[in-house]
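The values are calculated or read from the model by the stated rules, or taken from the named source; none is laboratory data. As the structure is a computational prediction, the values presented were derived from the model and not from experiment. Here the Cβ positions follow ideal geometry from the backbone for every residue, glycine too, while neighbour counts run over all protein chains shown. Note: accessible area is taken over every heavy atom of the protein model, side chains too, but ligands, DNA and RNA are not part of it. Shrake-Rupley method; radii C 1.70, N 1.55, O 1.52, S 1.80 Å.
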Amino acid sequence: MRSGSSGSPTGDEAVACDDVPVKTPRCDRCSGPAVFHDKKTGRHLCREHFIADIEKRVADTIRSKNLIIPGDHVVIALSGGKDSTALLMILARLLPSWDSVRLSAVTIDEGIAGYREDTIRSADRLVMQYGLDHASISFTELFGGTLDAFLKGREPEACSVCGILRRKALNVAADRAGATKLATGHNLDDEAQSVFMNVLRGDLPRLVRDSGSDSKGRFIPRIKPLMFISEKEIAVYLMLHGAWADLPECPYAVHALRGEVRGMLASLESKYPGTMLHLMESKTRIEAQCAGRLEEEPVRHCRECGDSCSGEICQLCTLKKTLSQ
Ligand code: SF4
Ligand code: ZN
C-alpha cells in the first residue's frame, strides 16, 4: 500500500503583497471562483464542478472497463488512508443509482505500531457515517504475528513481505464477506509508478499483466476505479468534503523502491504535466502489441496450501518458512 503525502495538497497557492489585489481564477464551466487548476489541460474548476468532474471520471472508468456489473457485491479494501477513503466516498455516492450493486468494506490490520491505529480509527468512523457493513482481519489472526514482529532484522524487505501477506489477507477477508469484486484505492500516481518500476526491473510480463484480471477465476477480481485520478486530485476532493486528515506515514515506506520512483515521477509531472498519463498510455500500447504473444502462465496449485500459484510452492508458503525461522 502506498504512504500518503502531508502538507497542502494544492501546493502552488498564490502569495501576494497586501496592496496588490489577487485576481481569483474563475471556473471554466460556470465562472464561479475556481478551487483547482489542471496544469495539463489548463482548466480551472469551482468546487461543484471539480467534484462532479472527479465522480464522472470514476463512473466513466467503471463503465468503459466494465469494472462493476449489476448484482455485484463490491467490497472496498479500506485502510482508512486517503485513497481508500476517497474511493469509499465516491462509490457510496455513485452506486445507489446503479442496478442492485451492494457495497461494503474490509480492513486489514497488519500490526504496524504507531501507524495503523490511526487509520483503523478513521476507517471505523467512515463506515459508520455511511452505514456500510465492515469486516476486519489481522495478520495476528491469520498468520500468528504482527508485521512488526515478522520484520525484526529484515526491515528493508518490509513492503514485499507486507505485500504477500496483505494479498492473502485481503483475499480471505473479501471471500468471507461474499465479495464479487474487491475495489482498491490505487490512483494514477500508483499506477504510473508501477509501470515505471516494471520498466526499471525489465519485467515485461508484469508490465502487461493486469493484476486485477483473472480469466481462470482463481481469485476475486480486483478493480481500481481511481486509476485515472491523481493523488493531488484525491487530496483536493477530500479537502472539499472536509474529510482531509494528516495521517502518519507507514514507518517502513522509506525502504521501498516505490518511494524513490514516487519522488522522481512527482517532480517530472510538475515540470511536464501529463507525464503520468503518458506512462499509462505507453502501458496500454505495449499491452496491445503483446496481446496473445506472451505465454499464459499454466494454472498450478501450491504443494503446501493448495492456493493457485506459478511454481511448486506459492509465495506465501515460501515466505512463511522464513518467518518461522
Ligand atoms: Fe505499505 Fe510497505 Fe507499509 Fe506495507 S510496509 S503498509 S506495503 S508502506
Ligand atoms: Zn502455498
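Net charge around residue 238, counting only other residues with Cβ within less than 12 Å of its Cβ (Lys, Arg = +1; Asp, Glu = -1)?
-2
Under 5 Å between amide hydrogens, which residues at least 5 positions from residue 80 or on another chain qualify, with H placed 1.01 Å from N in the peptide plane?
Close amide H contacts, sequence-distant or interchain: 85.
Taking R0 as 35 Å, what FRET efficiency do you get between residue 172 and residue 286 from their Cβ-Cβ distance, rounded to the nearest 0.05?
Using R0 = 35 Å, I get an efficiency of 0.60.
Could you give the radius of gyration (one decimal) and Dmax (whole number) of the Cα atoms in the chain, in Å?
That works out to 20.6, 74 Å for Rg and Dmax.
Could you go through region 131-145 in sequence order and give the Karplus-derived ³J(HN,Hα) for each residue, using 6.51 cos²θ - 1.76 cosθ + 1.60 with θ = phi - 60°, rounded to whole Hz, and x for Gly and Pro?
x, 9, 5, 9, 10, 10, 8, 10, 4, 4, 5, 8, 10, x, x
For region 238-244, just list the computed ³J(HN,Hα) in residue order, Karplus coefficients 6.51, -1.76 and 1.60, θ = phi - 60°, integers in Hz, with x standing in for Gly and Pro.
For region 238-244, the Karplus-derived couplings read 5, 4, 5, 9, x, 10, 6 Hz, x marking Gly and Pro.
Taking the simple approach of a point 7 Å from Cα along Cα-to-Cβ for both residue 270 and residue 160, what is their distance in nm?
3.1
Return the FRET efficiency for the residue pair residue 125, residue 318: r is the Cβ-Cβ distance, R0 is 41 Å, and the value is rounded to the nearest 0.05.
On the way: r = 38 Å, r/R0 = 0.92.
E(calc), rounded to 0.05, equals 0.65.
Along the Cα-to-Cβ line of residue 29, 7 Å from the Cα, sits a label point; which residues in region 41-71 have backbone N less than 19 Å from it?
Those under the cut-off are 41-64.
Helix 116-130 sits at what angle to the longest principal axis of the chain, using alpha carbons and giving 0 to 90 degrees rounded to 10?
Relative to the chain, helix 116-130 is tipped by roughly 70 degrees.
If you roll a 1.4 Å probe over the chain with all protein chains in place, what percent of the accessible area is carbon or sulfur?
Taking all protein chains in place, the chain shows 52 percent carbon and sulfur surface.
Roughly what angle does helix 188-201 make with the longest principal axis of the chain, taking Cα atoms, 0 to 90 degrees, to the nearest 10?
50
Quick one: of 23/224; 181/321; 152/271; 39/168; 40/283, which pairs are farther than 28 Å apart, Cα to Cα?
23/224; 181/321; 152/271; 39/168
Taking only protein heavy atoms and a 1.4 Å probe, what accessible area per residue, in Å², does the chain have with all protein chains in place?
52
For region 84-211, restrict the atom set to alpha-carbon positions and state the Rg and Dmax in Å.
Every Cα atom of region 84-211 included, Rg and Dmax give 16.4, 50 Å.
Taking H as built 1.01 Å from N, whose amide H comes closer than 5 Å to the amide H of residue 230, not counting residues under 5 places away?
Under 5 Å from the amide H of residue 230: 188.
Based on DSSP loop calls and a cut-off of at most 16 other Cβ atoms within 10 Å, the longest stretch of the chain free of exposed GluC sites (Glu not before Pro) is what? It would help to have the intermediate numbers written out before the result.
On the way: sites that count: 13, 249, 295, 296, 304, 312.
No qualifying site falls inside 14-248, the longest such stretch.
Tell me the angle of helix 158-177 to the major Cα principal axis of the chain, expressed in degrees between 0 and 90 and rounded to the nearest ten.
Orientation of helix 158-177: about 90 degrees from the principal axis.
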